[in-house]
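Here's the structure we're looking at; comments come further down.
Coordinate-derived values only; no laboratory data. Computed from a prediction, not measured in an experiment: that's the story for all the values here. Using ideal geometry, Cβ is built from the backbone for each residue, glycine included, and neighbour counts are taken over all protein chains shown.
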Amino acid sequence: MEQLTEELNQYNYEYHVLDQPSVEDAIYDQKMQELRKLEEAYPDLVHPDSPTQRVGGEPLDAFQKVEHKIPMLSLANAFNEQDIRDFVRRASQGIEEPISFVCELKIDGLAVSLTYENGKFVRGATRGDGYIGEDITSNLRTIRSIPLVIKEKETLEIRGEAYMPHRSFLALNKEREVNGEPLFANPRNAAAGSLRQLDPKIAAKRNLDIFLYGVGEWNNSKLTKHSERLVRLKELGLKTNPEWKKCNTVEEVMEYVDYWTKERPHLDYEIDGIVIKVDDLKQQEELGYTAKSPRWAIAYKFPAEEAITKLTDIELSVGRTGVITPTAILNPVKVAGTTVQRASLHNEDLIREQDIRIGDTVVIKKAGDIIPKVVRVLVEDRTGEEKEFHMPKECPACGSELVHLEEEVALRCINTNCPAQVKEGLIHFVSRNAMNIDGLGEKVINQLFQANLVKTIADIYRLEKEELLKLERMGEKSVTNLLQAIEASKANSLERLLFGLGIRFVGAKAAKTLAMEFETMDNLQQATYEDLLEVDEIGEKIADSIVQYFQEQKVIDLIQELKELGINMSYLGAKPTELEKGSIFNEKTIVLTGKMDNYTRSEAKELIEQLGGTVTGSVSKKTDLVIAGEDAGSKLTKAKQLDILVWDENQFQQALKDEGVES
Ligand code: IVH
């Protein structure tokens, strides 16, 4: 087990820190599997630093406070070349010998401190107010580029930036959108939000990463330069950013700044500037600190990327739920690496506030560097030809009167037959996380809609080959494939249909919960508000929306039609078995401790799991039952402290007999 741990930690270091894996993923997985098996067989030998133990323990109730022995200061800012030159001059004037600098990328994440004692990762904390932070060790342990053990038995406290790579950020927001959860505005918020979760399982799923850039306490180090420290940190197995550079003149510093200002869009992580640090540690000490920040470093902040363009029109779109959204149509312009031609204006209030008129010259920026936004109007560029914009009184798609629902800023079309809403609803119905009908994307739905071939969801299942062949760009082959995909979707499990119907507030996740709980559409249709509230994760808003939805005659008819067309109305995923349902172990969290005469640990675990229980390694408030064999130690003591039910082996055996799994 020790050998496997060592090997796996080395692979991990090569993969996550050096970015140079030496083995195939499959080999890593296989060794990990082997270690897991051994750990299962010998749970008492599981080492806390084992790579399997990154996500361990139960959720916390709150974070503990941690005092930073050396305060975590922030940096003074520079906003332009002159500020950088002033900094370099001030630093050089304060020092007699020649001075050199290290330039680094300023990572846009969350500042954290990591403490290693005798080579072991013992604590990780947020910066907090610089003096007192929060203990987020269990979340930081889930970051694979943070080694649980470093290569020497050193004691040190280091600092760095935890961040979320772009790729992980985009995937996370996509998933949240599907689940109807609010999106994170930028990777920094997402990283911070993930590290503030009390349950480390959440952080573990978020694919966070880290770059270490500085040292708090490091007693035995003989290093005299910041650059030497960066090299040493890397040797110890700690992840530093590879793009740092030593610069001897202000010209070299400016070159670095200019280079990264251009290259920034190609990085897989967000940077918001460049940090310039005096390299020599003695010189750093001589320069000292102001109350808030060191005099030996400065942070140059990139200007938020903006561009100027003309707003040529304001278009209105009707969403699936009837909300009317005004969108600015722009002359194409490049911002932060991509071409922008449209920007949401959200609602009329915002247009009024910013006094945006058609024909205006406007400044565009990407909020969180992703979603384009109109920042302001260049009023001085107006010619007098610009036109004020007013929201219409009627829906641009169906002509019904638009309304504001209680306190909403948004204007809505409440005609449920509005063709624009119906079409958006169809696009949603066939989308990947709903019925997932291949070959039936937005474009084809538009075509079908225009040709009057579909008006409702049910019409999709009545499409015929001859009709489809008449459409543009629809050949024999694509029509056959499309019809096959439509046919196949009839067999989808209930949650896809539920999500696809687009019931307000019912995202993919709620749909799954409902399908699992009620099993059939009939059951769900008959469920009362109270029945729905009984379900975990279903709150008043969702319950209310579901009850209202199923009361509509149109909905009742639609579901009847879909049934007749052969669409499956049952949940087909895994359900708790009959054995599990009736068992007293079902959904219970159980801890095994001590030695039993008749069962090994893994036998007992297997039996409990068969009956729907979960076996965990440590006792907490969430534990329902502790089964204690002989020589039970600290777990039993803890269970007694927390007043948790404890059984001995006899009671366990009796319970198994009662369940009928033991004779
Ligand atoms: S050095 C004494 N280096 O920027 C402060 N900071 O205001 C030493 N940051 O709070 C900080 N990348 O969260 C340093 N390469 C880097 C950095 C960096 C990002 C953050 C850090 C700090 C803030 C500075």
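The alpha-carbon of Lys373 sits under 18 angstrom from the alpha-carbons of these aspartates and glutamates, leaving out residues fewer than 8 places away in its chain: Glu305, Glu306, Asp313, Glu315, Glu348, Asp349, Glu353, Asp355, Asp360.
The dipole here belongs to the chain: it is taken about the Cα centre, uses +1 on the Cβ of Lys and Arg and -1 on the Cβ of Asp and Glu, and is about 1320 debye. Quick check for you: which residues of the stretch 504-529 have the amide N under 17 Å from the point 7 Å beyond the Cα of Asp544 toward its beta carbon? Answer for this model: 504-507, 528-529. Backbone geometry of the stretch 342-355 corresponds, through the Karplus equation with coefficients 6.51, -1.76 and 1.60 at θ = phi - 60°, to 3J(HN,Hα) couplings of 9, 8, 5, 9, 6, 7, 5, 4, 5, 5, 5, 3, 8, 6 Hz, x marking Gly and Pro. Near Gly214, the amide H atoms lying under 5 Å from its own belong to Arg159; only residues 5 or more places off or on other chains count, and H is placed 1.01 Å from N. Taking the Cα centre of the stretch 1-108 as reference, the dipole from Cβ charges on Lys and Arg (+1) and Asp and Glu (-1) amounts to some 560 debye. Gain on full extension, evaluated as 0.36 nm per residue between Asp459 and Glu406 minus their Cα-Cα distance, stands at 15.7 nm.
Remark on Glu243: its backbone amide H falls under 5 Å from none of the residues 5 or more positions apart or on other chains, H modelled at 1.01 Å from N. Computed from point charges on the beta carbon alone (+1 for Lys and Arg, -1 for Asp and Glu), the dipole magnitude for the stretch 429-532 about its Cα centre is near 400 Debye. Taken along the Cα-to-beta-carbon direction at a fixed 7 Å, the label points for Glu286 and Glu534 span 7.8 nm.
Contact order for the stretch 605-663, expressed relative to its length and based on alpha carbon pairs under 8 Å spaced 6+ residues apart, stands at 27 percent.
Of the cross-linked pairs Lys205/Lys541; Lys509/Lys657; Lys310/Lys541, those separated by over 32 Å at the C-alpha level are Lys509/Lys657; Lys310/Lys541.
The GluC sites (Glu not before Pro) of the stretch 471-552 that meet both conditions, a loop assignment by DSSP and at most 14 other Cβ atoms within 10 Å of the site Cβ, are Glu472, Glu537, Glu552. Going by a ≥ b ≥ c, the root eigenvalues of the Cα gyration tensor, does the stretch 40-189 fall in the rounded group (a/c under 1.5), the prolate group (a/b larger than b/c) or the oblate group? In terms of gyration-tensor shape, oblate. Across the stretch 242-248, rounded Karplus estimates of 3J(HN,Hα) from the backbone phi angles (6.51 cos²θ - 1.76 cosθ + 1.60, θ = phi - 60°) give x, 8, 5, 8, 7, 10, 9 Hz, Gly and Pro being marked x.
Gain on full extension, evaluated as 0.36 nm per residue between Asn598 and Asp258 minus their Cα-Cα distance, stands at 115.3 nm. When the chain is described by a simple charge dipole with +1 on each Lys and Arg Cβ and -1 on each Asp and Glu Cβ, the residue from Gly594, Leu463, Gly193 located farthest towards its positive end is Gly193. You can think of it this way: the chain between Ala488 and Lys640 has 49.2 nm of extra reach, that is 0.36 nm per residue less the Cα-Cα gap.
The value of relative contact order for the chain, using C-alpha pairs under 8 Å at least six residues apart, is 9 percent.
Think of it as helices only: each DSSP H run of n ≥ 4 in the chain is worth -39500 (n - 2.57), and spread over all residues that comes to -10500 deg cm²/dmol at 222 nm. Using C-alpha pairs under 8 Å with a sequence gap of at least 6, the mean separation divided by the residue count of the stretch 524-621 gives a relative contact order of 21 percent.
Modelled this way, with points 7 Å down the Cα-to-C-beta line, the labels at Asn189 and Val55 are 2.5 nm from one another. Rounded to the nearest whole Hz, the Karplus-based 3J(HN,Hα) values (6.51 cos²θ - 1.76 cosθ + 1.60, θ = phi - 60°) of the stretch 527-539 follow the sequence 5, 8, 3, 5, 4, 5, 5, 4, 7, 3, 6, 9, x, with x at glycine and proline.
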